[in-house]
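This report concerns only the one structure given below.
Just so it is clear, none of the values below were taken in a lab; they were calculated from the coordinates. This one's a predicted model, so the numbers in the text were calculated from it and none came from an experiment. Using ideal geometry, Cβ is built from the backbone for each residue, glycine included, and neighbour counts are taken over all protein chains shown.
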Amino acid sequence: MPTLHTPRLLLRSFATEDLEQMAELMADKDFMRFSFGVFSRERTAEFLEKMRARDRANLPSQFGVISREDNRLIGYCGFFSQTVDDIEELEIGYRIDPAYWGRGLATEAARAVRDHGFHELQLSRLISLIHLENLASRRVAEKNGMTPEKETVFRGFPTIVFGAHPAERNGR
Ligand SMILES: CC(C)(COP(=O)(O)OP(=O)(O)OC[C@H]1O[C@@H](n2cnc3c(N)ncnc32)[C@H](O)[C@@H]1OP(=O)(O)O)[C@@H](O)C(=O)NCCC(=O)NCCS
């Protein structure tokens, strides 16, 4: 994956050296809110390896999100491949270090990822899968120009499917 630049962030491919910082983040219950729970160091290593394998295979993958102000790795934002109601979709997913919440950084990252998907990767559709009660994430999806399409059950959770197409330019 190329490196994406935004005013306050760099989004770049994960490296093996990211394990320490990502393991710390993924052990944090707030960072892992609305998931099955915190990750061990081993599960974090598996997550990073899965993303690096996607990078090597030239498949849309997750970016490590770097705060330019202090050069810290503060989370991830990028693409997950998901099967939703039997349909293969590409999801924009994101998690940000709680110490950096509320500054518009998830939105900044998600917009850069969406633009990369539509302009460089020429994707025709992207979704975000959001737990019904995850109001912050719903807001990020809205600010990213996504529209709520339907409710479903995804991995046992009541979930809203937000969708976007290249022509939709609202929320920029
Ligand atoms: C969701 C998450 C990525 C948002 O990160 P962030 O950098 O704080 O997001 P932003 O600052 O870009 O935007 C957050 C928006 O949600 C709003 N918000 C935050 N908490 C909220 C709440 N409890 N109720 C309603 N709105 C809320 C903020 O006010 C902001 O909207 P605004 O710009 O209109 O004021 C972050 O909270 C996170 O990592 N959560 C845990 C992981 C997660 O849920 N990931 C998404 C899985 S789908």
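From the alpha carbon centroid of segment 10-82 to that of segment 100-172 is 18 Å.
What's the whole-number percent of alpha carbon pairs in the chain lying beyond 23 angstrom? Counting pairs separated by more than 23 Å, the tail of P(r) holds 36 percent.
Between Ala136 and Asn58, the simple label model (points 7 Å from Cα in the Cβ direction) yields a spacing of 3.7 nm.
For segment 118-164, applying the loop criterion from DSSP together with a ceiling of 11 other beta carbons within 10 Å to the trypsin sites (Lys or Arg not before Pro) yields Arg155. Restricting segment 32-99 to trypsin sites (Lys or Arg not before Pro) that sit in a DSSP loop and have at most 12 other Cβ atoms within 10 Å of their own Cβ leaves Arg68. Counting Cα-Cα pairs of segment 1-91 in 5 Å increments starting at 0 gives whole-percent bin shares of 3, 14, 21, 24, 21, 13, 4, 1, 0. The alpha-carbon of Lys150 sits under 20 angstrom from the alpha-carbons of these aspartates and glutamates, leaving out residues fewer than 8 places away in its chain: Asp85, Asp86, Glu88, Glu89, Glu91, Glu133, Glu142, Glu168. If exposed chymotrypsin sites (Phe, Trp or Tyr not before Pro) are those in a DSSP loop with at most 16 other Cβ within 10 Å, what is the longest stretch of the chain that has none? Counting only loop sites that pass the neighbour cut-off, the longest clear stretch is 102-172. Within the shell of other residues whose beta carbon sits under 12 angstrom from the beta carbon of Phe34, the net charge comes to +3, with Lys and Arg scored +1 and Asp and Glu -1.
Per-residue ellipticity at 222 nm computed for the chain from its helices equals -7500 deg cm²/dmol, with DSSP H segments shorter than 4 residues left out and the rest contributing -39,500 (n - 2.57).
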